[in-house]
Amino acid sequence: MKIIRYCAFLWLLLAGLMASAQKPESDARYLNITREYQLLPDGSQVYRYSHQLKYLTHRAFHSLYGETFIVYNPDFQKLKVEKSTTTMRDGKITPSPANAYNEVLPHFAAGSARVNQLKEMVVTHTGLEVGCTVDLEYSITTAPGVYPGLFGELTIAEDEPADSYTIIVKVPSGTSLNYQLSKLRLAPSITHQGPYDVYTWNVGATKAIPHESFMPKDFEWLPVLSFSTMPSMFSGYEWYVNQPLYVDAQLPSSAREWVEAVKKSEKTDMAVILKIRDKVSQQMASLNIPSRFIGYRYLPVSTVWNDNAGTPAEKAVLLAALLRHAGINAEPVAVMEAERFKQNLGNPEMFNLFVVNITGVEGQNFCLTTGQYQGDARYLFPGEMLVKLEPAAENIPKTETELSTGTLKLKGQIRLTSDGKADGDFTMNMLWAANPWFKVTTDGQSMKNYLSGIPVKGISDFQPVRVNAEQSEASFKIETEKLLNEIAPGIYTIDIPGFTNGISTWGFSTLPSERIAPFAFPSILAESTILTVTIPDELVLLTPITNLTEKTDWGNLMLDIRQRGNIITVQRGFESRCRIVEPKDYEALREMTNRWNNELYQRLVFTKK
């Protein structure tokens, strides 16, 4: 019987090893992908898409690619599915039947009457099995006059690897096409087909986009092809800003009356600003509709107010209009990467992030989001451009945000007694992107809520020292009956104080051992704690003495614990010096974050003599 069980175990082990060895690297593989963009002489546009996708796992057709979803706006677009067939492993070709084509409302259009005409064609693929191949072709034709030109910005990668990737752009002969391809050295082949100039990028094989945590935004490390028939970036800007949203900022009477009521109820300009911000951010619905499906056209602020809903652009312009009526110098601005201005490509798609710029309020200049971010929004976008949205501008009015590191500093001293009581003195600083200025300016005592490792009930004499857009600083004392925690008989600990809005909120306590994509820090942030602890004679420090300093181009770490007599000094700090860490540095980053998250360096452990 033992021999039979042993043989069965070996068979199961061997089967598992064989299954693991035979598991494909991906769930599916594109044999080819072609994306074609065509501008017709009458101004209409045609987008053609085709692919051959081979299914390699059951997950591919059960969970991932059993259906294809195609969104379009029937008001100015026509969809035509040219082909949807499945070639099974035995060579049998199974076309999608008539009932495999069903139109639904796109999820992002739910709850918005203004876009309930949008359609999402759901193409169900039939005859799916491991080893089959699906051929899909469709086209979307856009009516003339909807878009100001033919333009696009395409990340050249998909969720699965591709053996062949081709991009084609067709424009009427003599039409200028501006283009730029990043992260890849590849020039297009330029040919002539009848009345068209044809630009073709034969990219070849592409790798799959990895799905990992802490990914850079918009897959920015991957190759991106940008193209446009618009003559310049300014031409795209000029077309975009000359529309009702930016031209007609007249508020309806109900909005003006509401603002007047706010001015009467609130005592300071900052209180008025935050009251109006909260109205737009919390009481108005946000419509996260991709701009291309509404032709990059928006509604005037009067309609946005009456609808009580708006896109990010509409809410920013409305917020600025409400603030101006309250006597605040406010204007909506778009946030754009500085690299855009080097490309000089006209594309309304680049206007997709908005804030409100405010000047001269209580001696402060700052930016406000339409969400609940509690600080100066300029610090969220270091080194990027703020672009004014002015219909009459003769060039693109822009200013660059400052390069600043969000900073959290805590410095203090604690005096412990033999019975576990403690008292001490502290100062705390929260600067730039880490400064919750709006919350603190309305309630200075709220700064206490950003502390960790210190009982809030033990905090006394809390005094905000400096509160402005750049920093919030406070001093305070602690006095508590019990700071030592007995975690085991005769073993006591105290937590090293820190911040609740710091590195601990990033959630990188368990990073995987391997990584494919670059690692993106959630923000550029420096957090540090400098602590002096005076202990009674009967306490003995068990935490090992540590002097660990690491400095790199992308981050710094400081873990220093020392003892001299009854005085223990602690320095604990982490700094992300840049936003992106390349894969070659990932292992060093992982080791650094593991040390930072090691509980050994997050608390002091004692025993008694």
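For the reader, a short list of remarks on this structure follows.
- Of the residues making up region 175-200, those that are in contact (Cβ under 8 Å) with a residue 40 or more places away in the chain and either surrounded by 17 or more Cβ atoms within 10 Å (Cβ to Cβ) or of a type in the set (Phe, Trp, Tyr) (or both) are 177, 178, 179, 181, 196.
- If the condition is being open to solvent by 10 Å² or more (accessible area, probe 1.4 Å) and not in a helix (DSSP H, G or I), then region 311-327 contributes 326, 327.
- Flag for residue 395 being modelled with pLDDT of 95 or more, open to solvent by 30 Å² or more (accessible area, probe 1.4 Å) and of a type outside the set (Asp, Glu): yes
- For region 32-44, the candidate set comprises residues that are assigned to a strand (DSSP E or B) and more than 31 Å from the chain's Cα centre (by Cα); within that set, the residue that is farthest from residue 230 (Cα to Cα) is 38.
- So residue 248, is it out of contact with any strand residue (DSSP E or B) (no Cβ under 8 Å at 6 or more places or on another chain) and modelled with pLDDT under 95: yes
- When residue 63 is tested against (1) in contact (Cβ under 8 Å) with a residue 60 or more places away in the chain; (2) among the hydroxyl-bearing types (Ser, Thr, Tyr); (3) not in a strand (DSSP E or B), only condition (1) is not met.
- The single residue among 48, 29 that is more than 21 Å from residue 142 (Cα to Cα), open to solvent by 30 Å² or more (accessible area, probe 1.4 Å) and part of a strand (DSSP E or B) turns out to be 29.
- Residue match in region 562-572 (condition: within 26 Å of residue 437 (Cβ to Cβ), in contact with a strand residue (DSSP E or B) (Cβ under 6 Å, 6 or more places away or on another chain) and modelled with pLDDT of 95 or more): yes
- Scan of region 105-131 for residues that are without any contact (Cβ under 8 Å) to a residue 24 or more places away in the chain and either within 30 Å of residue 89 (Cβ to Cβ) or surrounded by 13 or more Cβ atoms within 10 Å (Cβ to Cβ) (or both), ordered by number: 105
- Enumeration of residues in region 317-348 that are touching a strand residue (DSSP E or B) at 6+ places or on another chain (Cβ under 8 Å), at pLDDT below 95 and of a type outside the set (A, V, I, L, M, F, W, C): 337, 340, 343, 344
- For region 472-513, the set of residues classified as more than 30 Å from residue 211 (Cβ to Cβ), open to solvent by 20 Å² or more (accessible area, probe 1.4 Å) and among the β-branched types (Val, Ile, Thr) consists of 480, 487, 491, listed by residue number.
- Matching residues in region 243-298 - criterion: being buried (at least 16 other Cβ atoms within 10 Å of the Cβ) and part of a loop (DSSP other than H, G, I, E, B): 243, 249, 251, 266, 284, 287, 289, 295, 296, 298
- So residue 54, is it touching a Gly at 6+ places or on another chain (Cβ under 9 Å), outside any loop (DSSP other than H, G, I, E, B) and either over 23 Å from residue 293 (Cβ atoms) or modelled with pLDDT of 95 or more (or both): yes
- Among all positions in region 308-317, there is at least one residue which is of a type outside the set (Phe, Trp, Tyr) and more than 24 Å from the chain's Cα centre (by Cα).
- With respect to the conditions (1) of a type outside the set (Phe, Trp, Tyr); (2) at positive phi; (3) outside any strand (DSSP E or B), residue 204 falls short on a single one, namely (3).
- Matching residues in region 401-431 - criterion: being under 39 Å from the mean Cα position of the chain (by Cα) and assigned to a loop (DSSP other than H, G, I, E, B): 401, 402, 403, 404, 405
- Residue 596 meets each of the listed conditions (1) of a type in the set (Phe, Trp, Tyr); (2) part of a strand (DSSP E or B); (3) in contact with a helix residue (DSSP H, G or I) (Cβ under 9 Å, 6 or more places away or on another chain) apart from (2).
- Single residue of region 201-220 satisfying the filter (of a type in the set (Gly, Ala, Ser) and without any contact (Cβ under 8 Å) to a residue 60 or more places away in the chain) that is farthest from residue 161 (Cα to Cα): 204
- Enumeration of residues in region 334-346 that are open to solvent by 10 Å² or more (accessible area, probe 1.4 Å) and either assigned to a loop (DSSP other than H, G, I, E, B) or farther than 20 Å from residue 238 by Cβ (or both): 337, 338, 339, 344, 345
- Checklist (1) open to solvent by less than 20 Å² (accessible area, probe 1.4 Å); (2) touching a strand residue (DSSP E or B) at 6+ places or on another chain (Cβ under 6 Å) applied to residue 205, failing item: (1)
- When 572, 590, 564 are checked against the criterion of being over 22 Å from residue 454 (Cα atoms) and surrounded by 15 or more Cβ atoms within 10 Å (Cβ to Cβ), 590 stands alone in meeting it.
- Residue that is nearest to residue 38 (Cα to Cα) [pool: residues in region 212-234 that are of a type in the set (Phe, Trp, Tyr) and in a loop (DSSP other than H, G, I, E, B)]: 221
- Taking region 438-483 as the range and being under 25 Å from residue 536 (Cβ atoms), out of contact with any helix residue (DSSP H, G or I) (no Cβ under 9 Å at 6 or more places or on another chain) and free of Cβ contacts under 8 Å to residues at least 40 places away in the same chain as the test, the residues that pass are 455, 457, 458, 460, 461.
- Residue match in region 516-528 (condition: free of Cβ contacts under 8 Å to residues at least 60 places away in the same chain and surrounded by fewer than 18 Cβ atoms within 10 Å (Cβ to Cβ)): no
The values are calculated or read from the model by the stated rules, or taken from the named source; none is laboratory data. Keep in mind that this is a model prediction, so the values were computed, not measured. Neighbour counts are summed over all protein chains in view; Cβ atoms, including those assigned to glycine, are modelled from backbone coordinates with ideal geometry. Note: areas computed on protein heavy atoms with side chains; ligands, DNA, RNA excluded. Shrake-Rupley method; radii C 1.70, N 1.55, O 1.52, S 1.80 Å.
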